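Working notes, structure below.
No value in this document is a laboratory result; all are computed from the given coordinates. From a predicted model like this one, the values you see are computed outputs, not experimental measurements. Glycine also receives a Cβ, built like all others from the backbone with ideal geometry; neighbour counts cover every protein chain displayed.
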Amino acid sequence: MITEIKGWHVASIFVFAFSIIVSVNLLLAYNAVRTFPGLEVKNSYVASQSFDEDRATQLALNWDVSATLQGNDLTLNIVKDGTPIAPEIETAIFGRATSVQQDQSPEFTFDGTALRATVNGGEGNWNLRLRARGADGTLFQQRVIVRSLP
């Protein structure tokens, strides 16, 4: 027995299909806003006015910066001309790249070769948002991608 498709059938299918599409879009938008970690700068235009100058002074420090995580041990290596250094750390925020829920402020200690701190780490993508001062007062700020070691 073949039934005839009427106008209300087509309208129902149309409404059902688009309600699924709209629901999924709303769910994805909600999760995107809920997990957004925030802004890097308050006013990007103002920050852009001194970007090249700030970058040049930061590069003049000649620092090679890297960070690793092994278990709960965070190691921050700052090397200048092949020698490990321990600059003044203004702020350091260790957290996920996509969320601020697990952000931590590690307290670093210098052991002669690197700055070390204990954090609540784990597998996955971690960043270290670092603000440090050189001996001459130059501000160094960088988002360091933390490599996880086995």
Prolate/oblate/rounded label for the stretch 52-111 (Cα gyration tensor, a/c 1.5): oblate
Between 0 and 90 degrees, rounded to the nearest ten: what's the tilt of helix 7-34 against the longest Cα principal axis of the chain? 10 degrees
So the FRET efficiency between Val22 and Ser48, C-beta based with R0 = 35 Å and rounded to 0.05, is 0.40
Taking N as the number of residues in the chain, what is its Cα Rg relative to 2.2 N^0.38 Å? 1.65
Taking the 0 to 90 degree range and rounding to the nearest ten, how far is the long axis of helix 51-60 tilted relative to the main principal axis of the chain, both from C-alpha atoms? 40 degrees
Taking the Cα centre of the stretch 48-132 as the origin and placing charges on Cβ (Lys, Arg +1; Asp, Glu -1), which of Asn127, Ala86, Thr75 is farthest toward the positive end of the dipole? Asn127
Of the candidates Ser44, Ala29, Leu149, the farthest towards the positive dipole end of the chain (Lys/Arg Cβ +1, Asp/Glu Cβ -1, centred on the Cα centre) is Ala29
